[in-house]
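Structure first, commentary second.
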Amino acid sequence: MPLSPREHDLRYGELDQVIRAYAGQPADDTPERPSQALTAYLRHTWHTRPWALAVAERQLREYAEHPPGRLCLRLGEFYAIPDVGLPESEIQQWLRCLADHIERSVTEGAVPPPAVPATHWEWHARFPELGQFLGGWFSQDMPDEFDDHNATVADFLAHTDPHLVARLIGELHELLALDLSESDYALAAAELGMEVDPPAPYSPSGWLASVAARLTTPRAESGPPERGDQSGHEGPGGDQ
């Protein structure tokens with residue numbers, strides 16, 4: 001039978017986080033240099049859950065030294081490493097390489113400095129509520145389900161716990177504080193799941209700023225913004 005969620009987390013939970021960081025990224029780590037995917041994992045984990053790094057190292061080494069045997073394979077009681085573009089014969093050595101880099105980072109206190117997310121995994125790890133909001137409410141199906149962006153935000157507010165709304169507001173302000181270019185804000189929104197353009201005349205950052213303001217308004221007072229509120233607001237990094 002498959003692993004229970006508890007058993008999975010105890011044996012492979014942090015290993016799974018490391019491997020997920022490689023989604024869409026090459027597993028091109030070398031003994032001298034960690035990949036962009038592993039650097040993104042280290043950066044985010046150092047700044048949010050530094051205690052998890054030792055767990056990741058241990059689980060990586062244990063999996064490399066004791067890969068699933070025939071019985072576990074037959075019963076389905078094992079963690080199946082997704083395809084990372086490496087031959088099966090190289091996976092164990094690659095896992096040891098990852099463990100070595102994590103050990104070195106912890107031992108030497110080599111913490112990647114804060115930076116704009118560099119991978120799809122890092123965008124979602126850093127902005128989880130924003131990913132849920134943009135990916136869940138502003139997919140390509142949005143125009144078929146709602147009249148416009150304002151109606152979508154209103155529906156989100158009507159069906160979302162205020163505590164989650166508060167987290168989303170914080171993440172919106174954090175993203176806007178990065179002061180990116182408009183093209184980079186558009187890329188960030190796409191990485192986080194948005195599949196429709198912001199409404200005219202907003203720039204990507206201007207629309208995100210307007211959403212943050214809308215969500216901050218007390219619910220009893222939150223109605224669709226006046227059309228006049230949309231004129232020329234570009235937000236941080238907007239075109240002048």
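Per-structure values
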read-out	value
Selection within the range 81-101 - within 17 Å of PRO34 (Cβ to Cβ) and of a type outside the set (A, V, I, L, M)	GLY85, GLU90, GLN93, TRP94, ARG96, CYS97, ASP100, HIS101
All positions within the range 15-65 that are buried (at least 19 other Cβ atoms within 10 Å of the Cβ) and either without any contact (Cβ under 8 Å) to a residue 60 or more places away in the chain or among the acidic types (Asp, Glu) (or both)	GLN17, ASP29, SER35, THR45, LEU53, ALA56, GLU57, GLN59, LEU60, TYR63
Failed criterion for ARG11 (all others in (1) open to solvent by 40 Å² or more (accessible area, probe 1.4 Å); (2) over 20 Å from PRO117 (Cβ atoms); (3) within 21 Å of the chain's Cα centre (by Cα); (4) not acidic (Asp, Glu) hold)	(3)
Cβ pairs under 6 Å, 6+ apart, first in the range 108-137 and of a type in the set (Asp, Glu), second open to solvent by 10 Å² or more (accessible area, probe 1.4 Å)	GLU122/HIS44; GLU129/ARG167; GLU129/GLU171
All positions within the range 99-111 that are polar (S, T, N, Q) and buried (at least 18 other Cβ atoms within 10 Å of the Cβ)	SER105
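The values are calculated or read from the model by the stated rules, or taken from the named source; none is laboratory data. Owing to the predicted nature of the structure, the values given are computational and were not obtained by experimental measurement. Please note: Cβ atoms are built from the backbone with ideal geometry, for glycine as well, and neighbour counts cover all protein chains shown. Note: areas computed on protein heavy atoms with side chains; ligands, DNA, RNA excluded. Shrake-Rupley method; radii C 1.70, N 1.55, O 1.52, S 1.80 Å.
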